[in-house]
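Encoded as structure tokens, the structure appears first; notes follow it.
The values are calculated or read from the model by the stated rules, or taken from the named source; none is laboratory data. Values in this document were obtained by computation on a predicted structure and should not be read as measured data. Here the Cβ is made from the backbone with ideal geometry for all residues, glycine too, and neighbour counts use every protein chain on show. What goes into the accessible areas is simple: the full protein's heavy atoms, side chains included, and nothing from ligands, DNA or RNA. Shrake-Rupley method; radii C 1.70, N 1.55, O 1.52, S 1.80 Å.
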Amino acid sequence: MENILVVDNVKKYFPIEKSFIERIFSKEKTYVKAVDGVSFKVLRGEVLGLVGESGSGKTTTGLMVVGLTKPTYGRILFDGADIASLSSRELRQLRKKIQMVFQDPMASLNPRMKIGEAVEEPLRIHGIGSAKERREMVSEALQKVGLSPSFMDRFPHELSGGQRQRVVIARAIILKPELIVADEPVAMVDVSVRAQILDLLLSLKKEYGLTYIFITHDLSAASYVCDRIAVMYLGKIVELANTDELFDNPMHPYTKALISAVPVPDPRLRREKFIPSGEIPSPINPPEGCRFHTRCPYAIESCRKNEPTLEEILRDHFVACPVLPFSH
Ligand code: ADP
Ligand code: MG
């Protein structure tokens, strides 16, 4: 299968403003290393998951893919072309092809804008269709996400959380994009309608031949929708594999911890729980060597010094851990 997106050793460092006193003591600039050397490929038509705890750099990675923030280092290729080197005209075309759905639908919608105008907005921005044609397209997009055209004249506050996220999804699909980055799309939606929204995303994928990057901290949601999953920890990918393989044969201690924390309905199937000790360290001064060593029960001396790279341990199964794949 063809790669739609290639993310090549991408980093995003946010500079931290220092106080006057801090500047006297150290001239060196400090950074939040939100994303620190991430590489992955997305195949056309697949759902690739980015999972990990809050603060691991998932959203920042998504923002770079859609071009809303520039990498400090590294390249992002969409359809073979480096996003950073596109002309403004090409960038406009790219904005049609890649869309992002954010976690909070209320924040994504202008409270004073009627639903119809909100869904129509991308069409107007790109100068597509006549007013009448645009209205038709809005009506069709609303129906595709399970909302009747009568929603056009309502305001966001009149809708439920799930309905609002459907509106946001309608707006994301109206330009017929090729890739959608969905950042925690059900995190703020009522638990009872989460599965419906996930099913909607999957059915739209089928209908339009979409590709998704699905960002979530929720492993069960990831297992439901993703073909492959990349597990992130403190700005790096620690493991990447097909979804079934990842759940059947997790190799990185952090992945094992995440999976063991997923609730299972049958208590007899419950795995031994393994929760990493302590808090997730700060991305300003991430631990040297393996970033996970401070919380890892299997860490050996070399883990404190040597930063592991992501290696293909089994076919299509990548792990950044020198200890586990061999000795456990
Ligand atoms: P996630 O989506 O996995 O929770 P984020 O990508 O939002 O992670 O954040 C990764 C790290 O980068 C966090 O420590 C966060 O505080 C920091 N960060 C994100 N955006 C900014 C920003 N604009 N300026 C400074 N730090 C940021
Ligand atoms: Mg996030």
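Beta carbons closer than 8 Å, at least 6 apart along the sequence or on distinct chains, pair a first residue in region 246-265 that is over 24 Å from THR309 (Cβ atoms) with a second that is at pLDDT below 90 and among the charged types (D, E, K, R) for SER260/ARG271; SER260/GLU272; SER260/LYS273; ALA261/LYS273; VAL264/ARG270; VAL264/ARG271.
Might you let me know whether region 130-143 holds any residue that is at pLDDT below 95 and of a type in the set (Ser, Thr, Tyr)?
Residues of region 130-143 that are at pLDDT below 95, as a first pass: none.
For region 130-143, residues at pLDDT below 95 and of a type in the set (Ser, Thr, Tyr): absent.
The residue that is nearest to the chain's Cα centre (by Cα), among those in region 27-46 that are aliphatic (A, V, I, L, M) and more than 16 Å from ligand 2 (Cβ to nearest atom), is VAL42.
Residue-level check: of (1) open to solvent by less than 80 Å² (accessible area, probe 1.4 Å); (2) outside any loop (DSSP other than H, G, I, E, B); (3) farther than 26 Å from ASP316 by Cβ, ASP36 misses just (3). The residue of region 164-186 that is farthest from ligand 2 (Cβ to nearest atom), among those that are among the small types (Gly, Ala, Ser) and closer than 21 Å to GLY116 by Cβ, is ALA170.
One line per residue, one yes/no per condition, for (1) away from ligand 1 (no atom under 16 Å from the Cβ); (2) more than 28 Å from PRO286 (Cβ to Cβ):
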{"site": "ILE169", "(1), (2)": "yes, yes"}
{"site": "LEU179", "(1), (2)": "yes, yes"}
{"site": "ALA195", "(1), (2)": "yes, yes"}
{"site": "LEU201", "(1), (2)": "yes, yes"}
{"site": "ILE213", "(1), (2)": "no, no"}
{"site": "THR216", "(1), (2)": "no, no"}
{"site": "THR243", "(1), (2)": "yes, no"}
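Taking the criterion of being touching a residue at least 60 places away in the same chain (Cβ under 8 Å), under 26 Å from PRO308 (Cα atoms) and buried (at least 17 other Cβ atoms within 10 Å of the Cβ), the residues of region 64-82 that qualify are VAL65, PRO71, THR72, GLY74, ILE76, LEU77.
Select, from SER139, SER192, SER203, the only residue that is within 15 Å of VAL47 (Cβ to Cβ) and assigned to a helix (DSSP H, G or I).
Step by step, each of SER139, SER192, SER203 is checked, and only SER203 is within 15 Å of VAL47 (Cβ to Cβ) and assigned to a helix (DSSP H, G or I).
Scoring PHE318 on the criteria (1) exposed (fewer than 13 other Cβ atoms within 10 Å of the Cβ); (2) modelled with pLDDT of 95 or more leaves a single failure, condition (1).
Just a yes or no: is a residue in region 116-123 more than 16 Å from ligand 2 (Cβ to nearest atom), in contact with an Asp or Glu (Cβ under 7 Å, 6 or more places away or on another chain) and at pLDDT 95 or above?
Taking every residue of region 116-123 in turn, at least one turns out to be more than 16 Å from ligand 2 (Cβ to nearest atom), in contact with an Asp or Glu (Cβ under 7 Å, 6 or more places away or on another chain) and at pLDDT 95 or above.
What are the pairs, 6+ residues apart or on separate chains, where a residue within region 1-21 that is closer than 30 Å to GLU178 by Cα has its Cβ under 6 Å from a residue that is of a type in the set (Phe, Trp, Tyr) and not in a loop (DSSP other than H, G, I, E, B)? Cβ pairs passing all conditions: LEU5/PHE78; VAL7/PHE40; LYS11/TYR73; TYR13/TYR31.
Give me a count of the residues in region 39-55 that are open to solvent by 40 Å² or more (accessible area, probe 1.4 Å) and either within 12 Å of ligand 1 (Cβ to nearest atom) or modelled with pLDDT under 90 (or both). It would help to see each step written out before you state the result.
Step one: list which residues in region 39-55 are open to solvent by 40 Å² or more (accessible area, probe 1.4 Å), which gives 39, 41, 43-44, 53-55.
Those still in the list that are either within 12 Å of ligand 1 (Cβ to nearest atom) or modelled with pLDDT under 90 (or both) too: 53-55.
The number of residues fulfilling the criteria is 3.
Per the listing MET113, MET100, the residue uniquely open to solvent by less than 40 Å² (accessible area, probe 1.4 Å) and either at pLDDT below 95 or within 16 Å of ligand 2 (Cβ to nearest atom) (or both) is MET100. ALA257 meets each of the listed conditions (1) at pLDDT below 95; (2) within 24 Å of ASN9 (Cβ to Cβ) apart from (2).
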